[in-house]
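Following: one structure in structure tokens, then a few remarks.
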Amino acid sequence: MLELKSVHKNFGGLQAVQNVSFSVAPGSIKAVIGPNGAGKTTLFNLISGNVNVSSGTILFQGREIQGLKPHKIAAMGMARTFQNINLFHGMTALESVMVGRHVRSRAGFMAGMLRTPATWKEEREIREKSMQLLRLLEIEEFADVDATSLAFGQQRAVE
């Protein structure tokens, strides 16, 4: 569950987001609509940790997340996409999804460099989980295809 309580964001004297409160239950869909300059992007930047709130509370799965870095929020299971798709050129759809899974990797830098048995095991697990995600998104048949050559909707799913 995602919950915002009286969230505000000021940039100097400009109030970009003012007193926003709402919740999103697991499995539900909410829309944020408004004209250009209404604060929609700022709101998503606040939720994802790309921008700090001026005041208010943002909770994800019952835990306060305002002030956390984006990678910490992503490690909790929430990330955002941007208007422009940003995939790694030369990587397959599977490899691209695996990159996203590495955020939760337990292996440290040295273990990765030394390619310890534990690192190999974790890499296999990441590959298997990434294939499961591709199956869930119904794009498993594109696992070995360069992600940047996929159709827009498929690229968005990979991202």
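The values are calculated or read from the model by the stated rules, or taken from the named source; none is laboratory data. None of these values were measured; they are calculated from a predicted model. Cβ coordinates were reconstructed from backbone atoms using ideal geometry, including for glycine residues, and neighbour counts include every protein chain displayed.
A few remarks follow.
- Those residues of segment 122-159 which are touching a His at 6+ places or on another chain (Cβ under 7 Å) and among the polar types (S, T, N, Q), in sequence order: T148
- Residues of segment 3-18 satisfying the condition of being part of a strand (DSSP E or B) and exposed (fewer than 12 other Cβ atoms within 10 Å of the Cβ): F11, L14
- Segment 19-52, subset outside any strand (DSSP E or B) and among the polar types (S, T, N, Q), residue surrounded by the fewest Cβ atoms within 10 Å (Cβ to Cβ): N36
- Looking only at segment 53-65, and only at residues there that are aliphatic (A, V, I, L, M) and in contact (Cβ under 8 Å) with a residue 40 or more places away in the chain, the one that is surrounded by the fewest Cβ atoms within 10 Å (Cβ to Cβ): L59
- All positions within segment 131-153 that are in contact with a helix residue (DSSP H, G or I) (Cβ under 6 Å, 6 or more places away or on another chain) and aromatic (F, W, Y): F142
- Residue match in segment 85-107 (condition: acidic (D, E), farther than 30 Å from S23 by Cβ and more than 14 Å from the chain's Cα centre (by Cα)): yes
- Exactly one residue among T92, T81 is surrounded by 11 or more Cβ atoms within 10 Å (Cβ to Cβ), of a type in the set (S, T, Y), closer than 24 Å to V51 by Cβ and touching a residue at least 40 places away in the same chain (Cβ under 8 Å), and that residue is T81.
- Selection status of L68, surrounded by 12 or more Cβ atoms within 10 Å (Cβ to Cβ) and at pLDDT below 95: yes
- Elements of type helices (runs of 4 or more DSSP H) in segment 53-135, at least 1 residues being among the β-branched types (V, I, T): 70-75, 93-101
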